[in-house]
Amino acid sequence: MRDVLLALEGLTKAYPGVVANEDVSFTIGRGEIHALLGENGAGKSTLVKTIYGLVKPDRGRMVLNGARFEPAEPRAARTSGVAMVFQHFSLFDALNVAENIALGMENPPSQRDLAARIEEVSETYGLPLDPFRVVGDLSAGERQRVEIIRCLLQDPKLLIMDEPTSVLTPQEVTILFETLRKLSAEGTAILYISHKLEEIRALCETATILRLGRNVGTCDPRETSARQMAEMMVGGTLHVPEREAAAPGEVALRLESLSAPSPRAFGTSLKEIRLDVRRGEVLGIGGVAGNGQDELLDALSGELRVAPGMIFFEGRDVGAEGPDLRRALGLLAAPEERNGHAAAPEMSLTENAILTGRVREGLSRRGFLNWGRAKTFAERVIERFDVRTPGADNTAMSLSGGNLQKFVIGREILQRPEVLIVNQPTWGVDASAAAAIRQALLDLASNGAAVIVISQDLDELMEISDRFAALNEGRLSEPRPAPGLTVDEIGLMLGGAHDMEVAHVAE
Amino acid sequence: MDLGTFSPVLLIASLMVAATPILLASIGELVAERAGVLNLGVEGMMITGAVCGFILAVEIGNPWVGFLGAALGGALLSLLFALLTQILLSNQVATGLALTLFGLGLSALLGQGYIGVRAPSLPRVDLGPLSDLPYVGRIVFGQDLMVYISLALVAAVWAVLKYTRAGLILRAVGENHAAAHALGYNVVAVRTAAIAFGGACAGLGGGYLSLVRVPQWTEGMTAGAGWIALAIVVFASWRPWRLLLGAYLFGGITGLQLNIQAGGLSLLNILPAILISVGIVTLLVQLFRHLRGGPVARRTMITGQLLVAAGIVLAGLNRLFPDMRIDQAFWLSASPYLVTILVLVVMSAGRAPGSLGKTFHAST
């Protein structure tokens, strides 16, 4: 056993109506890579926020290095040697790398000294980074490097990482792991949160599993199978999506040299995308975030109109048409951001059902809404997709991420699309809900619709896709049959590691 | 071309006086907006500052006490805005509009007994021989102290935002308040301070109106200056030096058009000359940049060429139709607004602070 660095004893935190953590105790050793596992809403985030000083526990105590540890705020936690890399990067787009890093330090040196130190640390750990670039222009992998270096400059004893690999290419993941192992060898403990069980098996020495706020067990992930861990998380057996093979039908959607500038600041424009999608197939589109995924979805859904002659739905040129007409034809889409894009957070589920279902479900007549039908439709979605909510009158934002995601995807599937495009369908969704969503997408394809799944989760794409293509800087690679693709081939399709090099280990 | 009684030196000297209230108010609003707060109550804070400053200056007999009072008055009113938006989480746009209405009413009430009274005057700085230099003497060394203070404020705001940790934290809070909170910065405290600074600057701007520029108290005397200040912040892309340019451009053209109207010059006769010279300056600036190896902005090049072309066409039209007339007063009065917007837009808009106008609540 290693020396104990941090001991948690009986931590309890309740919010109105829900107990986020209940009597959680475990220890993290010096230099240990410790995984924290659990479904959405199992209390992982609350727990790490407690350690980082963002949340005060109702009961229980923490002991760091043998001394009582009660950080009142993140600053105090950082001073004690606890650093954290956030899941949603806590970076400032308009500021440069050095400024971003200075904001996370207690007594930052002058800009020039800081830039020199950034270069030194990035050299040591193989994380190349130009201190004077504006963060808004960086790729997701580079942004994560900013966060990691920000933490490393403070010589942390414990580094907390919340879902660090969800935005990285396989090569970047390999390099991140080299960096983390090197840190661990130098005596820095790492608390690692992830949904990806295979990664945890490759990296971590100990795993603590939370379910409904309680610590339900500890295991050695190197000797436990991914399936066993998943079942400990869920507390039951896990359903693996399956499908009946269907022969691909005729072409439903054709893209011919689709090019369009991005409507967003710091966005990626689409460049010469060519693609045929057939009925009955699932096309997976991988790629690191920010390589044109949002823009592609916008162009297909009709939010972003493009020049004529680029998008053909069953032979009809729809590039210049808006979302309503495309929906009427059967071209449906569910964007990535649940709160604010796919759903209006402050409106009820019935109202949200109207927002996309109006055209195809006949929820309005001559400009007047048919509330009865809308409610029935929303309730059908809730029932068919097991959305856990007291009723259709509840607001979208009152649902947990996974439940809202089930509602958003289910709402489109129940409209019987001919072509469905989804972006990140299971992002931030726990294992059992993700399996349900994937199964629904496969069923839809089996029934003759064409499905395009844009995702950054490669395991997910390999599990459900018939063909796989990758987006890189707004260009789409040639689609290839998904079965049999190796990780290296996929990595190359994704554009490889963006100028990363393997850490100079053991220097 | 006959310029009549038109004097460029006096024009530039007076444009600095005309622009100072707007400059003061907008530099304060710039700081608030860089911290992520959209305070539409600038007009209300300005006029409150104007009346507070006027009353104190008259009662105590010292213009400097008046300016202090103007800054305090504006800051106090802005703290009401801070209380409502930062602590009670009200909507910033609605609260800002209400603040303007409240300020206009409050100032009218406070200023009841002061209409027609004269304020003690603020002496111009006299640097002896320097102020007597031809041309530059009057412009550079012959202003009143508040003009220099306003310029110093612009420089100070620029330096603080760019070079200090406090400025970095302020920008971070305005850019992404959730991330700033996650790093442990006190978003509400930073914003409250920025709002108070904005209020004090707006108050100073108002005080300059009632104590120097007019110098009298009349109800509603800011007459939209606060709104101009707000607009200039946006068109200046939230950058202090552009803001100075915008405010002086606005002040300058306001002065110029009054001179033209008073001097009875024909707008059609001088417009071609103005268009061509602005166009040529634009092109020269681009050429200079190109010679120094910098990037050339295509949009700006085209604008410069269009300006020259429009000037030439207009001059030709004047020759062909010597009897052509337009509604001179209308176009002249509109010109400061049109030109300021045009110029600042051509300089290409920047990005607004990411959290601008959004309500922050540390719920997570």
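The single residue among A:LEU461, A:LEU471 that is assigned to a helix (DSSP H, G or I), buried (at least 21 other Cβ atoms within 10 Å of the Cβ) and not β-branched (Val, Ile, Thr) turns out to be A:LEU461.
Condition check ((1) at positive phi; (2) exposed (fewer than 14 other Cβ atoms within 10 Å of the Cβ); (3) within 18 Å of the chain's Cα centre (by Cα)) across all residues:
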residue	(1), (2), (3)
B:ARG242	no, no, yes
B:GLY246	no, no, yes
B:PHE250	no, no, yes
B:LEU256	no, no, yes
B:GLY264	yes, yes, no
B:ALA273	no, yes, no
B:SER277	no, yes, no
B:LEU283	no, no, no
B:ARG289	no, no, no
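Against the numbered list (1) under 17 Å from A:GLN144 (Cβ atoms); (2) assigned to a loop (DSSP other than H, G, I, E, B), A:PRO109 comes up short only at (1).
Looking only at residues of segment B:182-195 that are crowded, with 20+ Cβ neighbours inside 10 Å and under 26 Å from the mean Cα position of the chain (by Cα), we find that the one that is farthest from the other protein chains (Cβ to nearest Cβ) is B:ILE195. Residue count for segment A:114-162 under the criterion of being more than 20 Å from the chain's Cα centre (by Cα) and among the small types (Gly, Ala, Ser): the result is 4.
Each row is one residue, and each column tells you yes or no for (1) surrounded by fewer than 20 Cβ atoms within 10 Å (Cβ to Cβ); (2) at pLDDT below 90.
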{"residue": "A:THR169", "(1), (2)": "no, yes"}
{"residue": "A:LEU191", "(1), (2)": "no, no"}
{"residue": "A:ALA202", "(1), (2)": "yes, yes"}
{"residue": "A:GLU205", "(1), (2)": "yes, no"}
{"residue": "A:LEU210", "(1), (2)": "no, yes"}
{"residue": "A:GLY213", "(1), (2)": "no, yes"}
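Residue selection: B:ALA179 satisfies the criterion of being within 14 Å of chain A (Cβ to nearest Cβ) and free of Cβ contacts under 8 Å to residues at least 40 places away in the same chain.
Are any of the residues in segment A:320-337 assigned by TED's automatic domain parsing to the domain that holds A:ILE452 and more than 24 Å from A:VAL306 (Cα to Cα)?
We begin by selecting, within segment A:320-337, every residue assigned by TED's automatic domain parsing to the domain that holds A:ILE452; these are A:320-337.
Filter again for more than 24 Å from A:VAL306 (Cα to Cα), leaving none.
No; the residues of segment A:320-337 include none that is assigned by TED's automatic domain parsing to the domain that holds A:ILE452 and more than 24 Å from A:VAL306 (Cα to Cα).
Screening A:THR124 with (1) at pLDDT 85 or above; (2) away from every other protein chain (no Cβ under 13 Å); (3) surrounded by fewer than 22 Cβ atoms within 10 Å (Cβ to Cβ) gives one miss only, at (1). Suppose we filter B:ARG118, B:ARG138 for residues that are assigned to a helix (DSSP H, G or I), away from chain A (no Cβ under 14 Å) and basic (Lys, Arg); which single one remains? The match here is B:ARG138.
If the condition is being in contact (Cβ under 8 Å) with a residue 60 or more places away in the chain and either surrounded by fewer than 22 Cβ atoms within 10 Å (Cβ to Cβ) or farther than 25 Å from A:LEU494 by Cα (or both), then segment A:446-457 contributes A:SER446, A:GLY448, A:ALA449, A:ASP457.
For segment A:106-118, how many residues meet the condition of being surrounded by 16 or more Cβ atoms within 10 Å (Cβ to Cβ) and more than 9 Å from chain B (Cβ to nearest Cβ)? Residues that pass the stated criteria total 4. The set of residues from segment A:363-392 being at pLDDT 90 or above and of a type in the set (Asp, Glu) comprises A:GLU379, A:GLU383.
In the condition set (1) farther than 21 Å from B:LEU183 by Cβ; (2) over 25 Å from the mean Cα position of the chain (by Cα); (3) modelled with pLDDT of 85 or more, A:LEU103 is compliant with all but (1). Quick one: which of A:ALA342, A:ALA334, A:ALA299 is out of contact with any Gly (no Cβ under 7 Å at 6 or more places or on another chain), at pLDDT below 90, buried (at least 22 other Cβ atoms within 10 Å of the Cβ) and not aromatic (Phe, Trp, Tyr)? Matching residue, one of A:ALA342, A:ALA334, A:ALA299: A:ALA342.
Matching residues to (1) at pLDDT below 90; (2) part of a helix (DSSP H, G or I); (3) under 17 Å from B:GLY73 (Cα atoms):
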{"site": "B:ALA196", "(1), (2), (3)": "no, yes, yes"}
{"site": "B:ALA200", "(1), (2), (3)": "no, yes, yes"}
{"site": "B:LEU230", "(1), (2), (3)": "no, yes, no"}
{"site": "B:VAL234", "(1), (2), (3)": "yes, yes, no"}
{"site": "B:SER237", "(1), (2), (3)": "yes, no, no"}
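The residues of segment A:62-102 that are without any contact (Cβ under 8 Å) to a residue 24 or more places away in the chain, within 8 Å of chain B (Cβ to nearest Cβ), outside any loop (DSSP other than H, G, I, E, B) and of a type outside the set (Gly, Ala, Ser), listed by number, are A:PRO74, A:GLU99.
Please enumerate the residues belonging to segment B:145-171 that are within 23 Å of B:GLY96 (Cβ to Cβ) and within 14 Å of chain A (Cβ to nearest Cβ). Listed by number, the residues that qualify are B:LEU161, B:LEU170, B:ARG171.
Can you spot a residue in segment A:401-424 that is at pLDDT below 85 and either more than 22 Å from the chain's Cα centre (by Cα) or not in a helix (DSSP H, G or I) (or both)?
Just the residues of segment A:401-424 that are at pLDDT below 85, to begin with: A:401-403.
Add one more test, that the residue is either more than 22 Å from the chain's Cα centre (by Cα) or not in a helix (DSSP H, G or I) (or both), and what stays is none.
Among the residues of segment A:401-424, not one is at pLDDT below 85 and either more than 22 Å from the chain's Cα centre (by Cα) or not in a helix (DSSP H, G or I) (or both), which makes the answer no.
Applying the criterion of being touching an Asp or Glu at 6+ places or on another chain (Cβ under 9 Å) and among the β-branched types (Val, Ile, Thr) to the residues of segment A:72-100, the residue that is surrounded by the fewest Cβ atoms within 10 Å (Cβ to Cβ) is A:THR79. For segment A:250-287, residues that are part of a loop (DSSP other than H, G, I, E, B) and closer than 18 Å to A:ALA482 by Cα total 4.
For segment A:243-279, a tally of residues being farther than 18 Å from A:MET310 by Cβ, among the small types (Gly, Ala, Ser) and in contact with a strand residue (DSSP E or B) (Cβ under 7 Å, 6 or more places away or on another chain) returns 1.
Take A:GLU198 and tell me if it is within 30 Å of A:SER25 (Cα to Cα) and out of contact with any helix residue (DSSP H, G or I) (no Cβ under 9 Å at 6 or more places or on another chain). Outline the logic, then answer.
Numbers: within 30 Å of A:SER25 (Cα to Cα): yes; out of contact with any helix residue (DSSP H, G or I) (no Cβ under 9 Å at 6 or more places or on another chain): no.
Criteria not met by A:GLU198.
Contact map, segment B:243-268: first residue modelled with pLDDT of 80 or more, second residue part of a helix (DSSP H, G or I) and among the aromatic types (Phe, Trp, Tyr), Cβ cut-off under 8 Å, separation 6 or more or different chains; pairs are B:GLY246/B:PHE235; B:PHE250/B:TYR337.
The values are calculated or read from the model by the stated rules, or taken from the named source; none is laboratory data. Not measured: the values here are computed from a predicted model. In this analysis, Cβ positions are derived from the backbone assuming ideal geometry, glycine residues included, and neighbour counts consider all displayed protein chains.
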